[in-house]
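Visitor: This is the structure, below, for whatever I ask next.
Values quoted throughout were computed directly from the atomic coordinates according to the rules given, and no laboratory measurement underlies them. The model shown is predicted, which means the values in this text are computed figures rather than measured ones. Virtual Cβ from ideal backbone geometry, glycine too; neighbours counted across all protein chains shown.
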Amino acid sequence: MSEQVFCGAYLEIEAEKQTIVKETLVCSDHPEESGDEKNKFCPYCGKMFVPVKFEEKVKDALISLLDTEFEDELCEPEIEGDNLVLIGNKYDAKFPDCSLFDLDYFEVTEAMIKLFKINFAKNYEQVIKVLEARIGNRLKSMTIKFGVIIYFS
Ligand SMILES: [Zn+2]
């Protein structure tokens, strides 16, 4: 793992979390005891565990939103927070949307911010549409921003 510094356009998605129904095996008398395929009986009372359904709210992950066709287009840096932050994965020198990583330093200009955001929208037009459709009515906002992201990869 090494620290990465990204500077450029990225996509920030704010969405209601997905509700996933999961099932677990618990003891009806000792709900804190849970079982699995191998452990079918409660160690305290010997009762057979019973399946219980529960809902879990999960944040969207890029990998679960995209099909293989688009999965390499964007990547999801590991960062904290509830919003999904996605950066581009295909560098196009003709239409740059993020910094060149071999540069030691560079000045961020107003023109660069504007251009990179426009290029990002163009470079990832299709995949952005797919994401929008997949998230559907859970989507609160989807914005192309410009900024710095520090993450480990
Ligand atoms: Zn029990």
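Visitor: For region 135-153 and region 1-77, compute the distance between their C-alpha centroids and round to whole Å.
Guide: 21
Visitor: Using mean Cβ contacts within 10 Å as the protection proxy, how do 141-152, 52-63 order, highest first?
Guide: Result, highest mean first: 141-152, 52-63.
Visitor: Grab the other residues whose beta carbon is less than 12 angstrom from that of Ile87, score K and R as +1, D and E as -1, and report the net.
Guide: Its environment carries a net charge of -3.
Visitor: Counting pairs of alpha carbon atoms under 8 Å apart in space and at least six apart in sequence, what relative contact order in percent does the chain give?
Guide: Relative contact order of the chain: 41 percent.
Visitor: By how many degrees, between 0 and 90 and to the nearest 10, does the Cα long axis of helix 125-135 differ from the longest principal axis of the chain?
Guide: 20
Visitor: How much length would be gained if the chain were fully extended between Lys53 and His30, taking 0.36 nm per residue of separation minus their Cα-Cα distance, in nm to one decimal?
Guide: Extra length available between Lys53 and His30 comes to 6.7 nm.
Visitor: Which of the residue pairs Lys22/Lys122; Lys17/Lys40; Lys90/Lys114 have a Cα-Cα distance greater than 30 Å in the structure shown?
Guide: Beyond 30 Å between Cα atoms: Lys22/Lys122; Lys17/Lys40.
Visitor: Taking the Cα atoms of the chain alone, what are Rg (to one decimal) and Dmax (as a whole number) in Å?
Guide: So, for the chain, Rg and Dmax equal 21.6, 70 Å respectively.
Visitor: A further question follows. Please give the net charge around Cys45, taking every other residue with its beta carbon less than 14 angstrom from that of Cys45, where Lys and Arg add +1 and Asp and Glu add -1.
Guide: -1
Visitor: For each cysteine in the chain, check whether another cysteine's C-beta sits under 4.7 Å from its C-beta; list those where none does.
Guide: By the Cβ distance rule, which asks for a partner under 4.7 Å, the isolated cysteines are Cys7, Cys45, Cys75, Cys98.
Visitor: Between the helical axis of 110-123 and the dominant principal axis of the chain, each derived from Cα atoms, what acute angle in degrees is found, rounded to the nearest 10?
Guide: With rounding to tens, the tilt is 60 degrees.
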